[in-house]
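To keep things clear, I will list the structure first and then write my remarks on it.
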Amino acid sequence: MKKCLFILFTLGLPLYSAACDICGCGVGSGYIGILPDFSKHIAGLRYRANKMTTHLGADGATTYLTTQEHYNTLEAWGGWTIGNNVRLMVAAPYSFNRKTNQGNTEAKNGLGDISATAFYQLVNKRKSMPGARQFVQSLWAGAGVKLPTGQYNSAQTNINSNNANLFQLGSGSYDFNLTSMYDLRLQDFGINLTGNYRVTTTNRYGYKYGNKLNVNTQLYYKRRLASKFSIAPNAGLQFESSSTDRNNGFDMSGSGGYLCMGTLGAEFVLRSISFGTNYQIPLQQKLAREIIKAGNRTMVHVGYIF
(Lines give C-alpha, C1' and ligand atoms only; values in the text may rest on other atoms or scores of the structure.)
Protein backbone atom coordinates (compact mmCIF):
# COMPACT_ATOMS: atom_id res chain seq x y z
CA MET A 1 0.00 0.00 0.00
CA LYS A 2 2.77 2.48 0.92
CA LYS A 3 4.57 1.74 -2.35
CA CYS A 4 1.45 2.42 -4.41
CA LEU A 5 0.70 5.69 -2.63
CA PHE A 6 4.31 6.80 -2.95
CA ILE A 7 4.20 6.33 -6.74
CA LEU A 8 0.91 8.24 -6.99
CA PHE A 9 2.21 11.23 -5.12
CA THR A 10 5.58 11.11 -6.86
CA LEU A 11 3.73 11.54 -10.16
CA GLY A 12 2.48 14.84 -8.86
CA LEU A 13 -0.92 14.22 -7.29
CA PRO A 14 -1.94 17.43 -5.50
CA LEU A 15 -5.43 16.23 -4.60
CA TYR A 16 -6.83 14.23 -1.74
CA SER A 17 -10.45 13.87 -2.59
CA ALA A 18 -11.81 10.77 -4.29
CA ALA A 19 -13.85 7.59 -4.07
CA CYS A 20 -15.87 5.01 -5.76
CA ASP A 21 -16.80 1.53 -4.75
CA ILE A 22 -13.94 -0.94 -4.59
CA CYS A 23 -16.17 -3.80 -5.60
CA GLY A 24 -19.70 -5.08 -5.55
CA CYS A 25 -22.88 -3.62 -4.08
CA GLY A 26 -24.05 -3.12 -7.63
CA VAL A 27 -22.17 0.00 -8.58
CA GLY A 28 -18.69 -1.30 -9.32
CA SER A 29 -15.81 1.04 -9.92
CA GLY A 30 -16.48 4.70 -10.57
CA TYR A 31 -13.40 5.04 -12.72
CA ILE A 32 -14.25 6.86 -15.98
CA GLY A 33 -10.87 7.40 -17.63
CA ILE A 34 -9.81 10.66 -19.24
CA LEU A 35 -12.90 12.62 -20.24
CA PRO A 36 -12.84 14.05 -23.77
CA ASP A 37 -12.82 17.81 -24.22
CA PHE A 38 -16.28 19.27 -24.73
CA SER A 39 -17.46 22.86 -24.51
CA LYS A 40 -21.24 22.39 -24.33
CA HIS A 41 -22.72 18.90 -24.07
CA ILE A 42 -21.77 15.24 -24.21
CA ALA A 43 -23.86 12.07 -23.94
CA GLY A 44 -22.77 8.48 -24.13
CA LEU A 45 -22.61 4.91 -22.90
CA ARG A 46 -19.98 3.29 -20.70
CA TYR A 47 -19.48 -0.45 -20.09
CA ARG A 48 -17.48 -1.83 -17.18
CA ALA A 49 -16.62 -5.44 -16.36
CA ASN A 50 -15.28 -6.27 -12.88
CA LYS A 51 -14.59 -9.67 -11.39
CA MET A 52 -13.51 -10.95 -7.99
CA THR A 53 -13.13 -14.05 -5.88
CA THR A 54 -14.83 -14.08 -2.46
CA HIS A 55 -14.93 -16.32 0.61
CA LEU A 56 -11.28 -17.27 0.38
CA GLY A 57 -9.71 -19.24 3.20
CA ALA A 58 -6.48 -18.64 5.11
CA ASP A 59 -3.61 -17.43 2.91
CA GLY A 60 -5.99 -17.13 -0.06
CA ALA A 61 -6.84 -20.83 -0.14
CA THR A 62 -9.92 -21.98 -2.07
CA THR A 63 -12.68 -23.56 0.04
CA TYR A 64 -16.14 -24.97 -0.64
CA LEU A 65 -17.49 -21.46 0.05
CA THR A 66 -15.21 -19.73 -2.48
CA THR A 67 -17.30 -17.87 -5.06
CA GLN A 68 -16.51 -16.28 -8.42
CA GLU A 69 -18.38 -13.00 -8.81
CA HIS A 70 -18.81 -10.85 -11.92
CA TYR A 71 -20.15 -7.29 -11.93
CA ASN A 72 -20.91 -5.93 -15.40
CA THR A 73 -22.42 -2.48 -15.77
CA LEU A 74 -23.84 -0.60 -18.75
CA GLU A 75 -24.09 3.07 -17.87
CA ALA A 76 -25.78 5.97 -19.65
CA TRP A 77 -24.00 9.23 -18.83
CA GLY A 78 -24.01 12.83 -19.91
CA GLY A 79 -22.45 16.22 -19.25
CA TRP A 80 -23.86 19.74 -19.65
CA THR A 81 -21.79 22.91 -19.47
CA ILE A 82 -23.59 25.98 -18.16
CA GLY A 83 -21.88 29.26 -18.92
CA ASN A 84 -18.10 29.09 -18.82
CA ASN A 85 -17.36 27.47 -15.49
CA VAL A 86 -20.25 25.22 -14.41
CA ARG A 87 -20.69 21.62 -15.51
CA LEU A 88 -23.34 19.06 -14.53
CA MET A 89 -22.74 15.33 -15.01
CA VAL A 90 -25.27 12.52 -14.56
CA ALA A 91 -24.81 8.73 -14.70
CA ALA A 92 -27.47 6.00 -14.68
CA PRO A 93 -26.12 2.41 -14.46
CA TYR A 94 -27.80 -0.88 -15.31
CA SER A 95 -26.06 -3.85 -13.72
CA PHE A 96 -25.66 -7.50 -14.73
CA ASN A 97 -24.38 -9.34 -11.66
CA ARG A 98 -23.50 -13.02 -11.52
CA LYS A 99 -21.85 -15.30 -8.97
CA THR A 100 -20.95 -18.98 -9.15
CA ASN A 101 -20.20 -21.43 -6.34
CA GLN A 102 -19.66 -25.17 -6.83
CA GLY A 103 -21.39 -25.11 -10.21
CA ASN A 104 -24.41 -23.15 -8.99
CA THR A 105 -24.94 -19.72 -10.56
CA GLU A 106 -27.07 -16.85 -9.28
CA ALA A 107 -27.81 -13.76 -11.36
CA LYS A 108 -29.19 -10.36 -10.49
CA ASN A 109 -29.88 -7.71 -13.14
CA GLY A 110 -31.44 -4.28 -12.86
CA LEU A 111 -31.12 -0.53 -12.48
CA GLY A 112 -28.31 0.63 -10.22
CA ASP A 113 -27.86 3.83 -8.23
CA ILE A 114 -28.18 7.01 -10.29
CA SER A 115 -25.71 9.80 -9.46
CA ALA A 116 -25.41 13.48 -10.31
CA THR A 117 -22.47 15.83 -9.75
CA ALA A 118 -22.07 19.57 -10.28
CA PHE A 119 -18.57 20.93 -11.05
CA TYR A 120 -17.08 24.40 -10.97
CA GLN A 121 -13.94 25.25 -12.94
CA LEU A 122 -11.40 26.87 -10.63
CA VAL A 123 -8.49 27.06 -13.10
CA ASN A 124 -8.50 27.40 -16.88
CA LYS A 125 -5.16 28.59 -18.29
CA ARG A 126 -3.64 28.48 -21.77
CA LYS A 127 -0.24 29.93 -22.43
CA SER A 128 2.15 29.94 -25.39
CA MET A 129 5.60 28.60 -24.53
CA PRO A 130 8.94 28.79 -26.41
CA GLY A 131 8.99 26.65 -29.52
CA ALA A 132 5.30 27.38 -30.26
CA ARG A 133 4.26 24.88 -27.60
CA GLN A 134 1.00 25.28 -25.72
CA PHE A 135 0.77 25.01 -21.92
CA VAL A 136 -2.76 24.05 -20.80
CA GLN A 137 -3.99 23.73 -17.22
CA SER A 138 -7.47 23.12 -15.81
CA LEU A 139 -8.95 22.28 -12.42
CA TRP A 140 -12.54 21.31 -11.67
CA ALA A 141 -14.03 20.74 -8.21
CA GLY A 142 -17.47 19.30 -7.60
CA ALA A 143 -20.00 17.77 -5.25
CA GLY A 144 -22.83 15.38 -5.91
CA VAL A 145 -25.32 12.86 -4.66
CA LYS A 146 -25.94 9.16 -5.30
CA LEU A 147 -29.61 8.16 -5.14
CA PRO A 148 -30.90 4.80 -3.82
CA THR A 149 -32.55 3.85 -7.13
CA GLY A 150 -30.97 0.38 -7.28
CA GLN A 151 -32.69 -2.46 -5.47
CA TYR A 152 -31.23 -3.41 -2.08
CA ASN A 153 -32.16 -6.84 -0.70
CA SER A 154 -32.03 -6.70 3.10
CA ALA A 155 -32.61 -10.46 3.37
CA GLN A 156 -29.23 -10.94 1.75
CA THR A 157 -27.43 -9.07 4.53
CA ASN A 158 -25.93 -11.90 6.55
CA ILE A 159 -25.53 -11.29 10.29
CA ASN A 160 -22.17 -13.03 10.06
CA SER A 161 -19.70 -10.14 10.01
CA ASN A 162 -17.23 -12.21 7.96
CA ASN A 163 -19.50 -12.20 4.91
CA ALA A 164 -19.16 -9.37 2.40
CA ASN A 165 -22.40 -7.63 1.43
CA LEU A 166 -21.49 -7.14 -2.23
CA PHE A 167 -24.14 -8.84 -4.34
CA GLN A 168 -26.58 -5.95 -4.51
CA LEU A 169 -27.87 -3.73 -7.31
CA GLY A 170 -27.67 -0.64 -5.09
CA SER A 171 -26.64 0.43 -1.59
CA GLY A 172 -30.13 1.51 -0.50
CA SER A 173 -28.75 4.80 0.81
CA TYR A 174 -28.29 8.42 -0.15
CA ASP A 175 -24.54 9.01 -0.46
CA PHE A 176 -22.57 12.18 -1.18
CA ASN A 177 -19.50 12.70 -3.37
CA LEU A 178 -16.70 15.25 -3.31
CA THR A 179 -14.79 15.21 -6.58
CA SER A 180 -11.88 17.01 -8.23
CA MET A 181 -10.26 16.71 -11.66
CA TYR A 182 -6.94 18.30 -12.64
CA ASP A 183 -5.31 18.27 -16.05
CA LEU A 184 -1.87 19.61 -16.96
CA ARG A 185 -0.55 19.44 -20.53
CA LEU A 186 2.49 20.80 -22.35
CA GLN A 187 1.73 20.54 -26.06
CA ASP A 188 1.12 16.79 -26.61
CA PHE A 189 2.19 15.39 -23.22
CA GLY A 190 -0.01 15.64 -20.15
CA ILE A 191 -0.97 14.29 -16.75
CA ASN A 192 -4.55 13.79 -15.62
CA LEU A 193 -5.38 13.53 -11.91
CA THR A 194 -8.81 12.75 -10.48
CA GLY A 195 -10.12 12.12 -7.02
CA ASN A 196 -13.44 11.32 -5.39
CA TYR A 197 -14.45 10.84 -1.77
CA ARG A 198 -17.84 9.26 -1.06
CA VAL A 199 -19.55 9.87 2.26
CA THR A 200 -22.10 7.11 2.82
CA THR A 201 -25.19 7.08 5.00
CA THR A 202 -27.12 4.29 6.74
CA ASN A 203 -29.92 2.80 4.67
CA ARG A 204 -33.37 2.09 6.11
CA TYR A 205 -32.34 -1.47 6.95
CA GLY A 206 -29.56 -0.29 9.28
CA TYR A 207 -26.68 -1.08 6.93
CA LYS A 208 -23.97 1.47 6.16
CA TYR A 209 -21.31 0.83 3.53
CA GLY A 210 -17.92 2.29 4.44
CA ASN A 211 -16.82 5.69 3.18
CA LYS A 212 -14.82 5.26 -0.01
CA LEU A 213 -11.78 6.94 -1.49
CA ASN A 214 -10.55 6.76 -5.07
CA VAL A 215 -7.57 8.55 -6.60
CA ASN A 216 -5.98 7.95 -9.96
CA THR A 217 -3.28 9.51 -12.07
CA GLN A 218 -2.57 9.00 -15.76
CA LEU A 219 0.19 10.11 -18.07
CA TYR A 220 -0.97 10.57 -21.65
CA TYR A 221 0.21 11.61 -25.08
CA LYS A 222 -2.45 13.47 -27.08
CA ARG A 223 -1.74 13.47 -30.77
CA ARG A 224 -3.81 15.00 -33.57
CA LEU A 225 -3.42 12.77 -36.63
CA ALA A 226 -5.81 14.71 -38.87
CA SER A 227 -7.83 17.90 -38.66
CA LYS A 228 -10.69 16.16 -36.87
CA PHE A 229 -9.10 13.01 -35.46
CA SER A 230 -6.96 12.67 -32.33
CA ILE A 231 -5.65 9.82 -30.19
CA ALA A 232 -4.44 9.83 -26.58
CA PRO A 233 -2.77 6.63 -25.29
CA ASN A 234 -2.42 6.67 -21.51
CA ALA A 235 -1.05 4.71 -18.57
CA GLY A 236 -1.22 5.23 -14.83
CA LEU A 237 -2.23 4.07 -11.37
CA GLN A 238 -5.50 3.88 -9.48
CA PHE A 239 -5.84 3.58 -5.71
CA GLU A 240 -9.09 2.67 -3.95
CA SER A 241 -9.76 2.44 -0.25
CA SER A 242 -12.86 1.75 1.82
CA SER A 243 -13.56 1.86 5.53
CA THR A 244 -15.40 -0.98 7.27
CA ASP A 245 -19.14 -1.44 6.71
CA ARG A 246 -21.50 -1.32 9.69
CA ASN A 247 -24.67 -3.35 10.18
CA ASN A 248 -27.00 -1.96 12.86
CA GLY A 249 -24.02 -0.41 14.61
CA PHE A 250 -21.72 -3.47 14.40
CA ASP A 251 -18.55 -3.56 12.30
CA MET A 252 -18.57 -6.02 9.40
CA SER A 253 -15.08 -7.49 9.30
CA GLY A 254 -15.71 -8.94 5.83
CA SER A 255 -15.49 -5.45 4.31
CA GLY A 256 -13.13 -2.53 3.82
CA GLY A 257 -9.53 -2.51 2.67
CA TYR A 258 -7.53 -1.10 -0.21
CA LEU A 259 -6.67 -1.88 -3.82
CA CYS A 260 -3.95 -0.47 -6.09
CA MET A 261 -4.22 -1.07 -9.84
CA GLY A 262 -2.15 -0.30 -12.91
CA THR A 263 -4.12 1.16 -15.82
CA LEU A 264 -3.51 1.16 -19.56
CA GLY A 265 -5.81 2.64 -22.17
CA ALA A 266 -6.43 4.97 -25.08
CA GLU A 267 -8.90 7.73 -25.96
CA PHE A 268 -9.98 8.65 -29.50
CA VAL A 269 -11.97 11.57 -30.90
CA LEU A 270 -13.27 11.64 -34.47
CA ARG A 271 -15.24 14.79 -35.25
CA SER A 272 -18.03 14.71 -32.66
CA ILE A 273 -17.60 11.06 -31.59
CA SER A 274 -15.36 10.05 -28.68
CA PHE A 275 -14.30 6.50 -27.88
CA GLY A 276 -12.13 5.11 -25.11
CA THR A 277 -11.00 1.84 -23.59
CA ASN A 278 -9.09 0.98 -20.44
CA TYR A 279 -7.67 -2.15 -18.81
CA GLN A 280 -6.82 -2.34 -15.11
CA ILE A 281 -4.60 -4.91 -13.39
CA PRO A 282 -4.34 -5.32 -9.58
CA LEU A 283 -0.84 -4.59 -8.31
CA GLN A 284 -1.42 -4.70 -4.58
CA GLN A 285 -4.54 -5.35 -2.50
CA LYS A 286 -5.87 -6.20 0.91
CA LEU A 287 -9.65 -6.45 0.84
CA ALA A 288 -11.86 -7.65 3.70
CA ARG A 289 -8.97 -9.18 5.65
CA GLU A 290 -7.90 -10.92 2.41
CA ILE A 291 -11.02 -13.08 2.08
CA ILE A 292 -11.74 -11.16 -1.16
CA LYS A 293 -9.43 -10.90 -4.15
CA ALA A 294 -10.13 -8.45 -6.96
CA GLY A 295 -9.44 -9.47 -10.56
CA ASN A 296 -8.73 -7.51 -13.72
CA ARG A 297 -11.16 -4.86 -14.96
CA THR A 298 -12.15 -3.62 -18.39
CA MET A 299 -13.92 -0.41 -19.40
CA VAL A 300 -15.15 0.81 -22.80
CA HIS A 301 -17.02 4.05 -23.45
CA VAL A 302 -18.42 5.99 -26.39
CA GLY A 303 -19.78 9.52 -26.41
CA TYR A 304 -21.37 12.09 -28.71
CA ILE A 305 -20.15 15.69 -28.37
CA PHE A 306 -22.65 18.39 -29.37
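The values are calculated or read from the model by the stated rules, or taken from the named source; none is laboratory data. Since we're looking at a predicted model, the values are computed, not measured. Note that each Cβ is placed from the backbone with ideal geometry, even for glycine, and that neighbours are counted across all protein chains shown. Please note that ligands, DNA and RNA were not included when accessible areas were found on the heavy atoms of the full protein model with its side chains. Shrake-Rupley method; radii C 1.70, N 1.55, O 1.52, S 1.80 Å.
When the residues of segment 193-231 are filtered to those that are under 23 Å from Pro130 (Cα atoms) and of a type outside the set (D, E, K, R), which remaining residue is farthest from the chain's Cα centre (by Cα)?
Here the residue is Leu225.
Report those strands (runs of 3 or more DSSP E) wholly inside segment 208-274 carrying at least 3 residues which are surrounded by fewer than 21 Cβ atoms within 10 Å (Cβ to Cβ) and in contact with a strand residue (DSSP E or B) (Cβ under 9 Å, 6 or more places away or on another chain).
Qualifying strands (runs of 3 or more DSSP E): 223-226, 229-242, 257-270.
crowded, with 20+ Cβ neighbours inside 10 Å, over 26 Å from Ala143 (Cβ atoms), in contact with a Lys or Arg (Cβ under 7 Å, 6 or more places away or on another chain) and not polar (S, T, N, Q) - does that describe any residue in segment 169-184?
No, that holds for no residue.
Given the criteria at pLDDT 95 or above and hydrophobic (A, V, I, L, M, F, W, C), does Ile292 qualify?
Answer is no for this residue.
Could you tell me which of the residues Thr63, Thr67, Thr53 is of a type in the set (Ser, Thr, Tyr) and either under 24 Å from Gly276 (Cα atoms) or open to solvent by 30 Å² or more (accessible area, probe 1.4 Å) (or both)?
Going through Thr63, Thr67, Thr53 in turn, just one is of a type in the set (Ser, Thr, Tyr) and either under 24 Å from Gly276 (Cα atoms) or open to solvent by 30 Å² or more (accessible area, probe 1.4 Å) (or both): Thr63.
From (1) over 26 Å from Ala266 (Cβ atoms); (2) open to solvent by 70 Å² or more (accessible area, probe 1.4 Å), pick out the condition that doesn't hold for Tyr94.
Failed condition: (1).
Does segment 180-189 contain any residue that is out of contact with any His (no Cβ under 6 Å at 6 or more places or on another chain), basic (Lys, Arg), in a strand (DSSP E or B) and more than 27 Å from Tyr94 (Cβ to Cβ)?
Among the residues of segment 180-189, at least one is out of contact with any His (no Cβ under 6 Å at 6 or more places or on another chain), basic (Lys, Arg), in a strand (DSSP E or B) and more than 27 Å from Tyr94 (Cβ to Cβ), which makes the answer yes.
Test Gln280 against the criterion of being closer than 22 Å to Trp77 by Cα, in contact with a Lys or Arg (Cβ under 6 Å, 6 or more places away or on another chain) and buried (at least 16 other Cβ atoms within 10 Å of the Cβ), and give yes or no.
yes
Condition check ((1) closer than 20 Å to Gly172 by Cβ; (2) surrounded by 15 or more Cβ atoms within 10 Å (Cβ to Cβ)) across all residues:
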site	(1), (2)
Thr100	no, no
Lys108	yes, yes
Phe119	no, yes
Arg133	no, no
Asn153	yes, no
